[in-house]
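Undergrad: Sharing a structure below in structure tokens format, with a few things to ask.
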Amino acid sequence: MMTRRELLQTVGMGFGGCGLASAAATTHFPVKAKHVIFIFLNGGPSQVDTFDPKPMLQKYHGKPMPAGPNLKTERKTGNLLGSPFTFNRCGKSGIEVSEIFPRIGQNIDEFAVIRSMYTDRPNHEPSLLIMNCGVPLPGKPSMGSWLSYGLGSMNKNLPGFVVLCPGVPVIGSQLWTSAFLPAVHQGVHLETKDKDVRKLVPYITPRRSAEEQRKQMDLLASLNKLQSESKFESGVESMEVAFRMQKEAPEVFDISKEPEKVRERYGDTEVGRGCLMARRMVEKGVRMVQIYHGNGQPWDNHDDIQIHRKLANEADPAIGALIEDLRDRDMLKETIVLVGGEFGRTPSVEVSGLVSHQNGRDHNNHGYSMIVAGGGFKGGITYGATDDFGFKAVEKRVYAHDLQATMLHQMGIDHTRLTYRYGGRDFRLTDVGGEVIHDLIA
Amino acid sequence: MKWLLAVTAGVCLSAAETPAEFFETKVRPVLAKNCFSCHTQTKLGGLAMASREDLLKGGKTGPAIVSGDPEKSLLVLAITHQHERFKMPPSGAKMDEVSIGHIKQWIRDGAVFPEGPGTKQAGKQYIVTKEQRQWWAFQPVKNPAPPAVKNKAWGKSPIDAFILAALEAKDKKGMGPADRRTLIRRATLDLTGLPPTASEIDAFLADKSPDAFAKVVDRLLASPHYGERWGRVWLDVARYSDDKLNSTMDEPRPNAFRYRDWVVQAFNKDMPYDTFVKAQIAGDLLGKPELIAGTGLYGLSPEFQDDRVDVTTRGFLALTVACAQCHDHKFDPIPTKDYYSLLGVFNSSKQNEYPLADKEAVEAWTKKKKELDKAKEDLTNFYAKQTEQLSEIFAAKADKYLLAAQDKGPYDGLDGETIQRFRNYLKKKDRLAKIADSPAVFRAELIAVQEEKKQIDEKNNIRLGGSRERGDLSQADLLSLAPDKFYLWRDFYRNGGVFNYGPGKIDRFIEGQWREHLGLLKQIVETAEKALPEQYPFLHAMADNDKPKNEHIYIRGNRANLGEEAPRGWLTILSPEGGPPRFEKGSGRLELAERIANKNNPLTARVMVNRIWQGHFGEGIVRSTSNFGRLGEAPSHPELLDWLATKFMEKNWSIKAMHREIMLSSTYQMATGNIEGENRLLEQFPARRLDAESLRDSILSVSGRLNSELGGKAFPLEDVKQNRRTVYGYVSRRRTDTMLNLFDFPNPNATSEKRVNTDVPLQRLFLLNSSLMADSAEALDKKVEGSTPSERIQNGYRAIFGRTPTKAETDLGVQFTKAGGEAWPEYWQVLMATDEFLMVR
């Protein structure tokens, strides 16, 4: 049980406990970013069809990889498969972006394109966990939970960490769990298939009028006071917060309040609505919003890489509009927008017996791309490189921990010092790894 | 002064040695013991300490040593705890002064660091040091005499002597006794998870006999609700759930509840804990059918690579053996090999369903199931064949269909639906343009693509050796149609294709003898379905594999990179110095069970009495209840822990006996005061919020809605009509129930050592707006009688709190309910949201 002081502190921070000894006064580093929006293209988007063009791959299309046998991935792959998409030089930086992401292309000068991500396992579950929770096994807190724990929410009437997904991604709530951190830091999962905003937060719909509830709360306060030996006076305060949430939370989640023109720019898709909701939440002080593209793993295109085009048609306008809106509101500088999945895909075609036809790619943990904008990340740069065919990250390799460490750094946190003692050990998001990548940040 | 002497001693001893010898004998062993585990391969903080260069280069904070200048060396500042942040080694005490002196001397002499064996080979020859063996948790359980105390009047049991002596040593004292009403509420919630009824309270208040409270404790321990609460305490450790962790869909285990019920009953029957342990590890090997259900502990595993080792070692032994799967344990004497020795035991066992029906019933069901499967297969095959033949018939006329679909040719003799399908196909962008000018060429393409697909399927089948196993499929190098051909094939021949008519749809084409045959096949399926009864009940349990075998070490936890063999056997640190005994009977589970459920095991009894203590006081004597290693917390009352463990074993591992010992102490019966601080020494009884289950059950109970039926199938907690106790609610690994989640229910994917206890606004939303609160308030409103408002309030207080309201409380209630009507349920709801109701004091 928390002491009364701890309890009051928690309530004072609204949803956030206090991970940093005196978070309000000092962080470890100067604060560059206050929010994170993580657009998770779940399933594993292909790097060689999106942000990592490979002329050699086109040249050797249909042939075995000249550099030797394919690296081991989840399933059997065969000859090289050139990208069916063309890449265009975009922005002032001239960074090449696949034609399937025109709106991201228009805004590429806001993004740092990391082309040298890698992870250890070619399977969704461990890689999803590494990307979200820093370890390949379940049971450790997610990045959003760490941020909520470390920094608290800036709006005591809203949760610090919100997860938007139509349905659930693979392994579901494991990816936004607070694990051993106090449960309040767990991501609040909103089912974006449901357009009824009242269904988004559990028990948010008042059963009685505000006036009746007011009277109930006054009575509660008086009764608790009569039992004054109570050490736990927080009840009344958190009840007051709950009371205010009933009004504020649904308003923030309700995108019907946005002009139709704005909604059109994001696209009337789940990911489009998610990005718009995310913007509204961040404006109101939510620490981290994570948007999963879809139920299950839409980007897992083993059979046919052409499906990437359809998925990009949904994600691209949403991401483009989000970046533009944040920039126009002067919020991009304090909001990290991260886009990517749990791993990439093989440059070679999948030939396993699990595909119906051979026009797709297997999982690739050896090398993949992620893009990140805002929050003090440099725009219009590329970082690191994969080999000639885009199979393996070979230059300036970046593991999830390094990216997490860099993001935390921008939020003012030393990733080695945001720890929580559990079962006798100090745990942290980046486990025992992670180096801040200074070349990525301005 | 003492410190200076020690340094001098170090210098003297070093006088006759070469710098290299000095390093090898005095410094390397110290570094190896204290530093290398984190600072060689792992490089915590960026610092490696495997060579002189490493140390000069240092980590993120700069060089670790300044050659010749120990006082300026970060290493020295860290090990002498003079550095602001780094106090190394990170856990446990400072190094001894002699060792520190050696390190300083070595740096002063230029930090000579010859290359040598040791650092990289550390895993090969694992040696448990004397210091490691001396760790408190590995010492035999002692039977300490209760200490003398100054205040002889306060305590009434040996437990109190241990508690009070520790308080008195710090010039503190324990609180006086709680009032009797508080005490019976505390005890009842503690043992049953339900509040006492007004009449139970009255009876206790009226009982003036000296053993009145002992009678209450005995009554509660005899209640079937006891197991519902304390069984759940164990189910947290056992990471119990009613489903399988499946990435993509819900996969219930409808018989999982049989393990849950077995645990509940084991507590109710006071099964000796050593039996309880053995049953869960090896209940299938004990020759007692009633113990097989215990192996549900593994039969319901979430099936992560390390789960079974983890739940066994943390759950029963409070050792974090799973931490050693990639490297030797960094802090405790657990070599990687130990992890794989145990993994070998579990990998030599399998999950096994034990039917709970007689042999005939099982055989009858299995036979009927086979018949049904066969009938379904026949029907499927028949349909598949018809579908294929029909598509061939259409393909032969594809040119005619193409023309008809464009209204350029006759419709005669063609199927109308198929023409329409063809039209839809042609509507899609660019389709028509892609089709060759000549319908005959298109027809030929369609026929060819079907033929090619057939050939490819046949070749692939040969390559796969007929296998349809997922593993084989994923690794096979198979052929497939070129993408354009594939799309053509898909659009015409696959499910939903123009020429594809599957089961049902195809029926109108099937005539004559074939139609009769189809009818027959369908009828056989229908009959077989009707004949198949519900499956017999079974246990999710364990059995040994026919051929048990040892695991090899997975180097750095990677299954693809195998190291030396790890014979199945016992943990090194709990074995005599000669090395761990091997397990040779079957998988070795039975031998493992016997090693754990053993009076000579220094951990088992201590760990369990500590969990029981935690159940009563919110915190254990060792607060890290599942980690007694060096990174766990030291016991606050080590002698008390041993005394309890001794008592536990003496009383034949009776858990109920331990409840009695604890609850009849003055320590347990203390009042809750207002003392701030950690309360580590137990100056007062620690108050806590009701856990999720007790909260829901208490609300149902006081409103008269609780259905106290015992055991049985899990019910969905979101079904607000089902008012059974929460312990019987469906626990999911995939989606935790919203209410449980909100009130800190533990994650059922891993063993859990304790409930965190938060107080957050989202919980208050539950109290404000949940249907549980609303429905219970309504139910109370119907139930509480009284001719005047104050009489109703009196009766309501009795129902909810088991007491009479004060004048001030009555006045507030009368005032609030003045308007009548809805004000009453609103009032009852507020009472169930008060601190008095939500807290255990």
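Undergrad: So, of the residues in region B:213-230 that are aliphatic (A, V, I, L, M) and surrounded by fewer than 16 Cβ atoms within 10 Å (Cβ to Cβ), which turns out to be nearest to B:Ser698 (Cα to Cα)?
TA: The extreme case among them is B:Ala222.
Conditions (1) touching a Lys or Arg at 6+ places or on another chain (Cβ under 9 Å); (2) at pLDDT below 95, marked per residue:
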{"position": "B:Val720", "(1), (2)": "no, yes"}
{"position": "B:Val727", "(1), (2)": "yes, no"}
{"position": "B:Met739", "(1), (2)": "yes, yes"}
{"position": "B:Asn747", "(1), (2)": "yes, yes"}
{"position": "B:Val756", "(1), (2)": "no, yes"}
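Undergrad: Could you check region A:303-361 and list, in sequence order, the residues that are within 24 Å of A:Met288 (Cα to Cα) and β-branched (Val, Ile, Thr)?
TA: The answer is A:Ile319, A:Ile323, A:Thr335, A:Ile336, A:Val337, A:Val339.
Undergrad: Take the conditions away from chain A (no Cβ under 14 Å) and of a type in the set (Asp, Glu) and apply them to B:Asp691. Does it pass?
TA: Working: away from chain A (no Cβ under 14 Å): no; of a type in the set (Asp, Glu): yes.
No.
Undergrad: State whether one or more residues within region B:489-512 are surrounded by fewer than 12 Cβ atoms within 10 Å (Cβ to Cβ) and closer than 21 Å to A:His357 by Cβ.
TA: Yes, region B:489-512 contains a residue that is surrounded by fewer than 12 Cβ atoms within 10 Å (Cβ to Cβ) and closer than 21 Å to A:His357 by Cβ.
Undergrad: If B:Phe766 satisfies every condition in (1) in contact (Cβ under 8 Å) with a residue 60 or more places away in the chain; (2) of a type outside the set (Ser, Thr, Tyr); (3) facing chain A (nearest Cβ under 7 Å) but one, which is the exception?
TA: In the conditions (1) in contact (Cβ under 8 Å) with a residue 60 or more places away in the chain; (2) of a type outside the set (Ser, Thr, Tyr); (3) facing chain A (nearest Cβ under 7 Å), B:Phe766 misses (1) alone.
Undergrad: For the subset of region B:714-731 comprising residues that are assigned to a loop (DSSP other than H, G, I, E, B) and touching a residue at least 60 places away in the same chain (Cβ under 8 Å), which member is nearest to the other protein chains (Cβ to nearest Cβ)?
TA: The qualifying residue nearest to the other protein chains (Cβ to nearest Cβ) is B:Val731.
Undergrad: Sort out which residues of region A:93-133 are touching a helix residue (DSSP H, G or I) at 6+ places or on another chain (Cβ under 6 Å), more than 14 Å from chain B (Cβ to nearest Cβ) and of a type outside the set (S, T, N, Q), and write them in order of number.
TA: Listed by number, the residues that qualify are A:Ile95, A:Val97, A:Ile100, A:Phe101, A:Arg103, A:Ile104, A:Glu110, A:Ala112, A:Met131.
Undergrad: A further question follows. Among all residue pairs at least 6 apart or on different chains, which show Cβ distances below 6 Å where the first residue, located in region B:619-641, is more than 10 Å from chain A (Cβ to nearest Cβ) and the second is in a loop (DSSP other than H, G, I, E, B) and of a type in the set (S, T, N, Q)?
TA: Close Cβ pairs (under 6 Å, with a partner that is in a loop (DSSP other than H, G, I, E, B) and of a type in the set (S, T, N, Q)) amount to B:Ile621/B:Ser636.
Undergrad: Condition (residue is at positive phi, small (Gly, Ala, Ser) and either away from chain B (no Cβ under 14 Å) or not in a helix (DSSP H, G or I) (or both)) applied to region A:250-261: is it met by at least one residue?
TA: Within region A:250-261, none of the residues are at positive phi, small (Gly, Ala, Ser) and either away from chain B (no Cβ under 14 Å) or not in a helix (DSSP H, G or I) (or both).
Undergrad: Follow-up. Quick one: how many residues across region A:407-436 are assigned to a strand (DSSP E or B) and under 22 Å from A:Lys34 (Cβ atoms)?
TA: Looking only at that region, the number is 1.
Undergrad: On to the next question. Somewhere in region B:736-754, is a residue more than 14 Å from chain A (Cβ to nearest Cβ), touching a residue at least 24 places away in the same chain (Cβ under 8 Å), of a type in the set (S, T, N, Q) and out of contact with any Leu (no Cβ under 7 Å at 6 or more places or on another chain)?
TA: No, there is no match, as no residue in region B:736-754 is more than 14 Å from chain A (Cβ to nearest Cβ), touching a residue at least 24 places away in the same chain (Cβ under 8 Å), of a type in the set (S, T, N, Q) and out of contact with any Leu (no Cβ under 7 Å at 6 or more places or on another chain).
Undergrad: Further question: Could you run through region B:810-828 and say how many residues are buried (at least 21 other Cβ atoms within 10 Å of the Cβ) and at the interface with chain A (Cβ under 7 Å from one of its Cβ atoms)?
TA: The qualifying residues number 2.
Undergrad: With a cut-off of at least 2 residues that are of a type in the set (D, E, K, R), name the strands (runs of 3 or more DSSP E) lying wholly within region A:44-105.
TA: Here the list is empty.
Undergrad: Let me ask you something else. Scan region A:296-307 and tell me whether some residue there is of a type in the set (Val, Ile, Thr), touching a residue at least 40 places away in the same chain (Cβ under 8 Å) and part of a strand (DSSP E or B).
TA: The answer is no, given that none of the residues of region A:296-307 is of a type in the set (Val, Ile, Thr), touching a residue at least 40 places away in the same chain (Cβ under 8 Å) and part of a strand (DSSP E or B).
Undergrad: While we're on this one: Out of all the residues in region B:493-506, is one or more within 14 Å of another protein chain (Cβ to nearest Cβ), under 17 Å from A:Val351 (Cβ atoms) and in contact with a Leu (Cβ under 9 Å, 6 or more places away or on another chain)?
TA: no
Undergrad: OK, next. Residues in region A:261-275: is at least one touching a Lys or Arg at 6+ places or on another chain (Cβ under 6 Å) and free of Cβ contacts under 8 Å to residues at least 12 places away in the same chain? Talk me through it step by step, then tell me what you get.
TA: Our first condition is that a residue be touching a Lys or Arg at 6+ places or on another chain (Cβ under 6 Å); within region A:261-275, this holds for none.
Among the residues of region A:261-275, not one is touching a Lys or Arg at 6+ places or on another chain (Cβ under 6 Å) and free of Cβ contacts under 8 Å to residues at least 12 places away in the same chain, which makes the answer no.
Undergrad: Tell me, yes or no, whether region A:212-220 has at least one residue that is within 11 Å of chain B (Cβ to nearest Cβ), crowded, with 19+ Cβ neighbours inside 10 Å, farther than 28 Å from A:Phe101 by Cβ and modelled with pLDDT under 90.
TA: Within region A:212-220 (the criterion being within 11 Å of chain B (Cβ to nearest Cβ), crowded, with 19+ Cβ neighbours inside 10 Å, farther than 28 Å from A:Phe101 by Cβ and modelled with pLDDT under 90), the answer is no, since none of the residues qualifies.
Undergrad: Checking B:Pro686 against (1) of a type outside the set (Phe, Trp, Tyr); (2) out of contact with any Asp or Glu (no Cβ under 9 Å at 6 or more places or on another chain); (3) at the interface with chain A (Cβ under 8 Å from one of its Cβ atoms); (4) assigned to a loop (DSSP other than H, G, I, E, B), which test does it fail?
TA: Answer for B:Pro686: the failing condition is (2).
Undergrad: Which residue, of A:Asp362, A:Asp325, is among the charged types (D, E, K, R), assigned to a strand (DSSP E or B) and modelled with pLDDT of 95 or more?
TA: Checking each option against the conditions leaves just A:Asp362.
Undergrad: Quick check on my filter: what residues within region A:83-104 are among the small types (Gly, Ala, Ser) and buried (at least 21 other Cβ atoms within 10 Å of the Cβ)?
TA: A:Ser83, A:Ser98
Undergrad: Still on this model: For region B:326-444, list the helices (runs of 4 or more DSSP H) that sit wholly inside it and hold at least 2 residues that are farther than 30 Å from B:Asp507 by Cα; which are they?
TA: It comes to B:336-347, B:359-396, B:431-434.
Each row is one residue, and each column tells you yes or no for (1) away from chain B (no Cβ under 12 Å); (2) surrounded by 23 or more Cβ atoms within 10 Å (Cβ to Cβ).
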residue	(1), (2)
A:Ser153	no, yes
A:Asn157	no, no
A:Gly160	no, yes
A:Cys165	yes, yes
A:Ile171	no, no
A:Phe180	no, no
A:Ala183	no, yes
A:Gln186	no, yes
A:Lys193	yes, no
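Undergrad: OK, next. Against the condition among the aliphatic types (A, V, I, L, M), over 30 Å from A:Leu326 (Cβ atoms) and not in a strand (DSSP E or B), how does A:Val355 come out, does it pass?
TA: yes
Undergrad: Out of region A:43-72, which residues are among the polar types (S, T, N, Q), surrounded by fewer than 24 Cβ atoms within 10 Å (Cβ to Cβ) and either under 22 Å from A:Ile291 (Cβ atoms) or within 14 Å of another protein chain (Cβ to nearest Cβ) (or both)?
TA: Correct list: A:Asn70 only.
Undergrad: May I pose another question? Would you mind listing the helices (runs of 4 or more DSSP H) fully within region B:732-786 where at least 1 residues are of a type in the set (Lys, Arg)?
TA: Counting at least 1 such residues, we get B:761-769, B:771-783.
Undergrad: So which residues in region B:67-111 are assigned to a helix (DSSP H, G or I), without any contact (Cβ under 8 Å) to a residue 60 or more places away in the chain and not hydrophobic (A, V, I, L, M, F, W, C)?
TA: Hits for region B:67-111 are B:Pro70, B:Glu71, B:Lys72, B:Arg108.
Undergrad: On the basis of being under 18 Å from the mean Cα position of the chain (by Cα), in a loop (DSSP other than H, G, I, E, B), within 14 Å of another protein chain (Cβ to nearest Cβ) and not β-branched (Val, Ile, Thr), does A:Glu342 make the cut?
TA: yes
The values are calculated or read from the model by the stated rules, or taken from the named source; none is laboratory data. Values in this document were obtained by computation on a predicted structure and should not be read as measured data. Cβ: placed from backbone, ideal geometry, glycine included. Neighbour counts: every protein chain shown.
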